[in-house]
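I have placed the structure first, in the form of structure tokens, so that the comments after it can refer back to it.
The values are calculated or read from the model by the stated rules, or taken from the named source; none is laboratory data. Predicted model only: the values in this text are computed from it and were never measured. Backbone-built Cβ (ideal geometry, glycine too); neighbour counts: all protein chains shown.
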């Protein structure tokens with residue numbers, strides 16, 4: 001029998017993390033007894049991601065994960081149980097010696113786990129950038145993992161250069177998400193959705209990062225042949241709120257603009273995206289979420305600065321939809337116009353990629369947990 005301990009995200013201000021953690025739980029719960037480690041994540045997040053039959057560590061006992069697993073290991077000496085610890089999907093990037101020291105300390109615990117036969121699993125995540133100290137610490141962690149699955153070839157290249165142990169490709173779990181949406185009604189006033197991150201990493205609004213996106217968006221939207229649309233600005237991440245207001249002020253003199261001033265949860269986002277004409281964003285799980293709602297989405301990114309999205313779109317032969325922030329407004333407008341005129345040119349490559357990635361995910365999970 002498998003006992004699977006799933007550690008959910010501790011960063012819960014991003015609805016995209018909620019999405020992929022929820023899918024992770026759904027994907028692995030059929031392979032054994034799933035216990036969600038709930039002592040470092042807010043209750044509402046746990047309630048959103050868990051399924052009816054899932055157990056929580058706090059319900060099993062009040063010990064820490066370390067002490068609980070050590071107790072299980074002692075018992076398993078006389079049984080044939082397999083114990084897994086699964087880390088949350090998402091993105092990992094670290095800088096600075098203090099962060100490297102934290103990872104090294106945590107690696108010591110994982111070394112003990114591995115010594116006693118615990119299978120440590122990471123899947124559906126991306127990495128970088130790292131400084132050398134953190135690259136080395138993450139490489140050491142990879143050597144403790146039973147499975148280390150990265151969601152894009154750019155991350156895989158980083159791992160290979162860093163001499164990680166046996167890094168493998170494992171698709172982003174958003175490919176497996178099936179949103180709950182009603183059939184959208186016929187609408188007379190179509191709208192588009194804009195949803196943008198406000199910085200490269202972290203919690204603070206970064207004007208130097210965000211201003212080029214505002215300027216480019218104004219030029220692109222102004223150049224579109226069809227100008228009869230409303231603009232709905234929304235955010236899936238709490239820390240994008242300030243940027244959303246700045247974008248609204250920049251556009252409202254030329255367009256009808258509505259700002260939804262709340263962090264969208266999954267069902268709310270599904271209803272908004274499913275009724276939109278199209279979505280433009282530089283956040284991975286806004287883009288994939290919109291496509292899962294059968295709405296064309298266009299990544300507006302710097303391919304060098306946003307390698308995560310760029311590589312995932314390239315890997316899945318969807319790069320024709322990428323809006324390069326360094327290209328001319330006319331070049332980007334032509335991409336949008338083509339996608340609007342023929343929505344299948346955007347959705348068909350996604351549907352194909354979705355089918356392929358789901359198959360790969362199922363095959364890899366069978367290999368890891370069987």
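Quick look at the numbers
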| read-out | value |
| --- | --- |
| Filter result (within 26 Å of the chain's Cα centre (by Cα) and under 19 Å from residue 194 (Cβ atoms)) within the stretch 328-347 | 332, 335, 336, 339, 340, 343, 346 |
| The stretch 113-127, residues that are part of a helix (DSSP H, G or I) and touching a residue at least 40 places away in the same chain (Cβ under 8 Å) | 113 |
| Options 198, 274: the member that is more than 21 Å from residue 314 (Cβ to Cβ), crowded, with 17+ Cβ neighbours inside 10 Å and touching a helix residue (DSSP H, G or I) at 6+ places or on another chain (Cβ under 6 Å) | 198 |
| The stretch 236-254, residues that are in a loop (DSSP other than H, G, I, E, B) and buried (at least 17 other Cβ atoms within 10 Å of the Cβ) | 236 |
| Qualifying residue in the stretch 116-130 (condition: at negative phi and exposed (fewer than 14 other Cβ atoms within 10 Å of the Cβ)) | yes |
| Residues (in contact (Cβ under 8 Å) with a residue 60 or more places away in the chain and either buried (at least 21 other Cβ atoms within 10 Å of the Cβ) or touching a helix residue (DSSP H, G or I) at 6+ places or on another chain (Cβ under 7 Å) (or both)) located in the stretch 307-327 | 307, 308, 311, 312, 315, 323, 325 |
| Residues (surrounded by fewer than 18 Cβ atoms within 10 Å (Cβ to Cβ) and either at pLDDT 75 or above or under 13 Å from residue 39 (Cβ atoms) (or both)) located in the stretch 69-81 | 81 |
| Matching residues, the stretch 1-21, being surrounded by fewer than 20 Cβ atoms within 10 Å (Cβ to Cβ) and within 22 Å of residue 235 (Cα to Cα) | 10, 11, 12, 13 |
